[in-house]
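**Student:** Below are the structure tokens for one structure; questions will follow.
The values are calculated or read from the model by the stated rules, or taken from the named source; none is laboratory data. None of the values given here were measured: they were computed from a predicted structure. Cβ sites come from the backbone with ideal geometry, for glycine too, and all protein chains shown count toward neighbours.
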Amino acid sequence: MNVISIKIPVKITLFGEHAVVYNKPAIASTIPVFINILGRSIKEKKLIIEFNDINIPTKKVVLDKITNTYVLVPNEIYISRFISYIATGLDICKNELQITDEGGYEIRIESTLPIGAGLGTSAAISVGTIALCVLLSYNKDVEDPSIRKIIALLAWKTEQKVQGMASPMDTFTITYGGLRYIKPWIPEAEYINSPNQLNIIVGYTPKKFTTAELVKNVKNLKVKEEKIIEKLLDIIGEIVEEARDAIIKNDVERLGTLMNVNHGVLEALGIVSLDHSYIIKTLIAAGALGAKTSGAGGGGAFIALAKNKIHATLLKNIAEALGARIVAMELYEKGFIINNDSSRVLKDLIV
Ligand code: MEV
């Protein structure tokens, strides 16, 4: 049976996280760190999910779709969360695209990143699941803009359903790839033409809360201090506009300053962890042009802007000495792609 293999980059938010949930613009980009999703349709009404390369003991989970019960049970919280994005994505895809096929799916996830890295892993899983479902049912060209749009929208819907609240930023960025100016009110992810590669480092520390929890914390704060928090969200929106201008003009010093200011507002929103406060301050003391938490916060991802490549290596060493894991030192140009070597895995997938 036909096996589809999809290579999906994860992402960072350069500017605008949290405010983007309230319809402010944001800037995000894919990075060259990938998750592979492989899958095929099966006759049985089951969802079989295998995990490869993830540093967790569960290797296989089987969900019986007739009784909606697990035959093989997920025994870690991370795995349960991975599964909820996959199962929800498949349900949404089947309903929205009116796929009547009664069978199930066998899916393999290959990733070295924990879902709690704050790098959009859940969005990558959602995009990959929807793309897989679309491709297995319709032999469409995923380079076709209307197909990409459907995948981005359904993946966004998946995140909204699992998390309660989600902006289109992560799913749109991962679908289209490259540096993107997000307009959630449309929704659209406009390509930003950056004249030079930015000298960045991207790292993470363990994320102690889920994105849903962190988004809810900001919402609760907004209920308590409506006027002030609305002003802070407006300021983030303005930082994003300035940052877009700085990127286009290649004004990296200004871009760094804007990163620091954006980080300060995220501190005010209460989502920056203690280890990030320390890492960000240390990187700035070491000459970073700017540094900030990236994404939902509570630990998770951070980025720093270096003066040049050598300086970036210095910042990397410092962040690692402080306990962070550095995963990328550049942005990536593309969104998800279809791997052409699917035959390699056909024999490995166990039904
Ligand atoms: C999470 O990667 C980014 C947030 O802005 C949430 C969202 O945009 O859905 C915190």
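**Student:** List the pairs whose first member sits in the stretch 202-231 and is among the polar types (S, T, N, Q), whose second member is within 11 Å of the ligand (Cβ to nearest atom) and not in a helix (DSSP H, G or I), and whose Cβ atoms are under 6 Å apart, counting only residues at least 6 apart or on separate chains?
**Tutor:** THR211/ALA296
**Student:** Which members of the stretch 131-153 meet the condition of being within 14 Å of GLY335 (Cα to Cα) and more than 16 Å from the ligand (Cβ to nearest atom)? Please lay out each step first, then the result.
**Tutor:** Applying the first criterion (within 14 Å of GLY335 (Cα to Cα)) to the stretch 131-153 yields 131, 142-145, 147-149, 151-152.
Result: ALA131, VAL142, GLU143, ASP144, PRO145, ILE147, ARG148, LYS149, ILE151.
**Student:** Are there any pairs, at least 6 apart or on different chains, whose C-beta atoms fall under 9 Å, with the first in the stretch 300-324 and on the phi > 0 side of the Ramachandran plot and in a loop (DSSP other than H, G, I, E, B) and the second surrounded by 14 or more Cβ atoms within 10 Å (Cβ to Cβ) and not aliphatic (A, V, I, L, M), and if so, which?
**Tutor:** Every condition considered, the pairs that remain are GLY323/THR205; GLY323/ASP275.
**Student:** Identify, from the list LEU274, LEU233, LEU289, LEU269, the residue that is away from the ligand (no atom under 13 Å from the Cβ), within 23 Å of the chain's Cα centre (by Cα) and modelled with pLDDT of 95 or more.
**Tutor:** Numbers: LEU233 fails: away from the ligand (no atom under 13 Å from the Cβ); LEU289 fails: within 23 Å of the chain's Cα centre (by Cα); LEU269 fails: away from the ligand (no atom under 13 Å from the Cβ).
So the residue among LEU274, LEU233, LEU289, LEU269 that is away from the ligand (no atom under 13 Å from the Cβ), within 23 Å of the chain's Cα centre (by Cα) and modelled with pLDDT of 95 or more is LEU274.
**Student:** Quick one: count up the residues across the stretch 266-290 that are surrounded by fewer than 17 Cβ atoms within 10 Å (Cβ to Cβ), in a helix (DSSP H, G or I) and of a type in the set (A, V, I, L, M, F, W, C).
**Tutor:** Going through the stretch 266-290 one residue at a time, the tally reaches 3.
**Student:** Which residues, counting only those in the stretch 212-251, are touching a Lys or Arg at 6+ places or on another chain (Cβ under 8 Å) and more than 22 Å from GLY297 (Cα to Cα)? Even if it seems obvious, please write down each step before you answer.
**Tutor:** Going through the stretch 212-251, the residues touching a Lys or Arg at 6+ places or on another chain (Cβ under 8 Å) turn out to be 229-230, 233-234, 236-237, 240, 242, 246.
Within the stretch 212-251, GLU242, ALA246 meet the criteria.
**Student:** Would you pick out the residues in the stretch 1-28 that are farther than 14 Å from ILE303 by Cβ and within 12 Å of the ligand (Cβ to nearest atom)?
**Tutor:** If we filter the stretch 1-28 for residues that are farther than 14 Å from ILE303 by Cβ, which is where we start, we get 1-9, 18-25.
Within the stretch 1-28, HIS18, ALA19, VAL20, VAL21, TYR22, ASN23, LYS24, PRO25 qualify.
**Student:** Here's something else I'd like to know. Tally time: how many residues in the stretch 197-224 are in contact with a helix residue (DSSP H, G or I) (Cβ under 9 Å, 6 or more places away or on another chain), under 22 Å from TYR22 (Cβ atoms) and either charged (D, E, K, R) or away from the ligand (no atom under 14 Å from the Cβ) (or both)?
**Tutor:** Kept after step one, since they are in contact with a helix residue (DSSP H, G or I) (Cβ under 9 Å, 6 or more places away or on another chain), are these residues of the stretch 197-224: 198-201, 203-212, 215, 218-219, 221-223.
Retained after the next criterion (residues that are under 22 Å from TYR22 (Cβ atoms)): 207, 209-212, 215, 218-219, 221-223.
Still in the running and either charged (D, E, K, R) or away from the ligand (no atom under 14 Å from the Cβ) (or both): 207, 219, 222-223.
Looking only at that region, the number is 4.
**Student:** What number of residues in the stretch 234-245 are small (Gly, Ala, Ser) and surrounded by fewer than 21 Cβ atoms within 10 Å (Cβ to Cβ)? Steps first, answer last, please.
**Tutor:** The initial filter retains those residues of the stretch 234-245 that are small (Gly, Ala, Ser), namely 237, 243.
Then drop every residue that is not surrounded by fewer than 21 Cβ atoms within 10 Å (Cβ to Cβ), which leaves 237.
Result for the stretch 234-245: 1.
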